[in-house]
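Values in this text are rule-based calculations from the coordinates and carry no lab data. Computed from a prediction, not measured in an experiment: that's the story for all the values here.
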């Protein structure tokens, strides 16, 4: 920002003195473009960490594919499914009431990432006997995803992931489009 007669003004990011250009970033005043590829989304990174058998299992419930698609296409179609409201609504209808309620609780919180232990505690308070199974069902349905560390290379199964709980605990995240559709679910809270 620059100072103009005591007031702040925002500088045009594509002005002559800016390091932002149409071709990328400049690393100095000399035009040496640095490519600005969009970062890989957390969802895509997580899907790429799934072993093929786990990815096909989750995609089978999320997409209902009729054929055997290549892995790259499967990942792309899984990502695209979260832009399709009809697909999300169909998958939400297939869930049982406690699973939909858990997604609605996450949506009402405004926080897409949660520690698994906190989700289990919330479901227990609402009278659901096995909150961990609800989380597992949502993971298998492709409506919740494990929040994997950057160093995680391959996820063989959700059992494997659950067994890796350390001092920090396990966390999951839900795509924003799923939460936007789940927020209208009845929470069945006592009056």
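Numerical summary
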| item | result |
| --- | --- |
| Percent RCO, i.e. relative contact order, over the range 42-182, from Cα pairs under 8 Å lying at least 6 residues apart | 36 percent |
| Stokes-Einstein diffusion coefficient of the range 42-182, Kirkwood radius over Cα pairs, 20 °C, 1.002 mPa s, in µm²/s | 140 µm²/s |
